Amino acid sequence: MIQKKELNIIIADDHQIVIDGLKSLLIQQSHIKVVGEAANGKEALDLIENNNIDIAVLDISMPEMNGVEATKIIKKQYPDVKILILTMHDGSEFVHELVEIGANGYILKNRGKEEFVEALETISNGEEYIKGQVLNTLLKAVRKPKPKAVQFTKREKDVLRLIVDEHTTSEISAKLNIANSTVETHRRNLIEKTGVKSSLGLVRYAIENGYV
């Protein structure tokens, strides 16, 4: 049996019932430990400063400091901490901004336990998480594709399309019959060429520039 990677997380939400609900979802996930709770972004930053945190789960709408502001500061001061946005907001303005500033994942509160755990494990492995309704929001926000003067190799285009189709590094490796390390090299090249910050940024770039 493969032992899952242990994760220390914090949850920041201004509704205690949400925090309690998320904690109850994780009771049977022995590898995921909630080491702190916060009611706003400032409290979340204090927890990160004083604990060894792998992932910060943040709501967007919080008093004193919201999730967007907290994400900006965390990414600047604590770049090793991954961020999962868990919110009811699926508007394109929120998705786009959080993708731009480097959030590692974005899911809605109406999703189930399995997807929440999947999102945590996905971003803990260095990949980004964006699926379903949130991905549809990006698609619907596209007005008119405006391709940029960026030259991709055929293999880079293949990898880009599979990233947009929500495939993991291992799945891309299997589909293209290349090593995981080669997939990651193509991913880094795509990020460098497009000027985005993450795989979520690549998804947005591909959608807005007509690659899907």
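The values are calculated or read from the model by the stated rules, or taken from the named source; none is laboratory data. Worth saying up front: this structure is predicted, and the values here are computed from it rather than measured. Quick note on the areas: whole protein, heavy atoms, side chains included, nothing else; ligands and nucleic acids left out. Shrake-Rupley method; radii C 1.70, N 1.55, O 1.52, S 1.80 Å.
Between helix 92-101 and the chain there is an angle of about 90 degrees, using the helix long axis and the longest principal axis of the Cα atoms. Computed with a 1.4 Å probe over protein heavy atoms only, the accessible area of ASP80 comes to about 130 Å².
Taking GLY67, GLY112, GLY201 in turn, the Gaussian network model of the chain (Cα-Cα springs below 10 Å) assigns the largest fluctuation to GLY112.
Spherically averaged projected area of the convex hull of Cα atoms, the chain: 12.0 nm². Under a Gaussian network description of the chain, with springs only between Cα atoms under 10 Å, the residue in ASP13, ASP165, ASP59 that fluctuates furthest is ASP165. In the chain, the longest principal axis of the Cα atoms and the axis of helix 180-194 are about 80 degrees apart.
Against the criterion of solvent-accessible heavy-atom surface with a 1.4 angstrom probe, HIS15, HIS89, HIS31 sort, most first, into HIS15, HIS89, HIS31. By its C-alpha gyration tensor, with a ≥ b ≥ c as the square roots of the eigenvalues, how is the range 28-130 shaped: rounded for a/c under 1.5, else prolate for a/b larger than b/c, else oblate? Cα axes put the range 28-130 in the rounded bin. On a per residue basis, the range 146-186 carries 61 Å² of accessible surface, using protein heavy atoms and a 1.4 Å probe.
For the chain, the longest principal axis of the Cα atoms and the long axis of helix 113-124 meet at an angle of about 70 degrees. With a/c under 1.5 counting as rounded, go ahead and sort the range 1-82 into rounded, prolate or oblate using the C-alpha gyration tensor (a ≥ b ≥ c being the square roots of the eigenvalues; past the cut-off, prolate if a/b is larger than b/c, else oblate). Oblate. Cross-link check: pairs LYS42/LYS76; LYS5/LYS113; LYS4/LYS75; LYS4/LYS72; LYS5/LYS197 evaluated at a Cα-Cα cut-off of 22 Å; pairs beyond the cut-off: LYS4/LYS75; LYS4/LYS72; LYS5/LYS197.
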